[in-house]
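The structure appears below as structure tokens.
The values are calculated or read from the model by the stated rules, or taken from the named source; none is laboratory data. Fair warning: this is a prediction, and the values are worked out from it, not measured in the lab. A quick note on method: Cβ atoms are made from the backbone with ideal geometry, for glycine too, and the neighbour counts reach across all protein chains shown. Just the protein is used for accessible areas: all its heavy atoms, side chains included, with ligands, DNA and RNA removed. Shrake-Rupley method; radii C 1.70, N 1.55, O 1.52, S 1.80 Å.
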Amino acid sequence: MYALPRLVVYRENIAREKKRAYRDWEYWGKPVPGFGDPHARVLIMGLAPGAHGSNRTGRPFTGDSSGKFMYPVLCETGFASQPTSTDRDDGMRLTNLYITAAVRCAPPDNKPLPQELAECSYFLDRELDGLKT
């Protein structure tokens, strides 16, 4: 299997140490899968999960500032069922849209290394193959 020690250690440390604002949360702390409509016509791809957003919630662009900006727009344009996304169980549904990331684990300083991008491309390729209709 593809193990990227730097990403695994960082992802797990963040989930264990937590940010003060989320100390009562149980962090996801695992690779973050894509999310959305498997028959999507539109794909949004981020670089990597946020340490205290996706790594905490287990869903891309959820529970962080990028989601606070993006989900209201997606709701207004008919892609998202609601304007806010706070956790995996918040009822969010996406229509004709799939959201994923190039890297599945939160990287230190939000900067995955080129080797990490290359190694993670296997997972992204598999996910994108599953979206083809």
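Compute for the chain: radius of gyration divided by Kirkwood radius, i.e. Rg/Rh, restricted to C-alpha atoms, rounded to two decimals.
Working: Rg = 14.5 Å, Rh = 15.0 Å.
My calculation of the ratio gives 0.96.
Name the residue farthest towards the positive end of the dipole of the chain from the options Ala48, Gly130, Pro38, assuming +1 on Cβ of Lys and Arg, -1 on Cβ of Asp and Glu, about the Cα centre.
Farthest along the dipole direction, towards plus: Ala48.
Given the -39500 (n - 2.57) contribution per DSSP H run of 4+ residues, what per-residue ellipticity at 222 nm results for the chain, rounded to the nearest 500 deg cm²/dmol?
Counting only the DSSP helices, I get -11000 deg cm²/dmol.
Keeping every protein chain in place, order His39, His52 by accessible area at 1.4 Å, biggest value first, i.e. largest first.
Numbers: His39 125, His52 50 Å².
Ranked list, largest accessible area first: His39, His52.
Peptides 91-99, 23-31: what's the order by average Cβ count within 10 Å, highest mean first? All intermediate terms of the calculation are to be shown ahead of the outcome.
Details: 91-99: 17.6, 23-31: 14.8.
Highest-to-lowest ranking by the protection proxy: 91-99, 23-31.
Restricting the count to DSSP beta bridges whose residues both fall in the chain, what percent are antiparallel, rounded to a multiple of 5? Provide the component values of the computation, followed by the final result.
On the way: 3 of 8 bridges.
Given both bridge residues lie in the chain, the antiparallel proportion sits at roughly 40 percent.
Using alpha-carbon pairs under 8 Å, 6+ residues apart, how would you state the relative contact order of the stretch 8-73 in percent?
Details: 72 pairs, mean separation 20.6, N = 66.
Averaging sequence separation for qualifying contacts and normalising by length gives 31 percent for the stretch 8-73.
Kindly report the accessible area of the chain per residue (heavy atoms of protein chains, probe 1.4 Å, no ligands, DNA or RNA), in Å². Present the calculation step by step, with values, prior to reporting the outcome.
Details: 7770 Å² over 133 residues.
Heavy-atom accessible area per residue stands at 58 Å².
So what J values fall out for the stretch 47-55 if you push phi through Karplus, 6.51 cos²θ - 1.76 cosθ + 1.60 with θ = phi - 60°, rounded to Hz, Gly and Pro as x?
Karplus-based 3J(HN,Hα) across the stretch 47-55 equals 6, 7, x, x, 4, 10, x, 4, 5 Hz.
Of the peptides 4-16, 118-130, how do they stack up when ordered by the mean number of other Cβ atoms within 10 Å, highest first?
Working: 4-16: 16.2, 118-130: 13.7.
Listed from highest to lowest mean packing, they are 4-16, 118-130.
Given an 8 Å cut-off on Cα distances and at least 6 residues of separation, report the relative contact order of the chain as a percent.
Working: 238 pairs, mean separation 39.8, N = 133.
Result for the chain is 30 percent.
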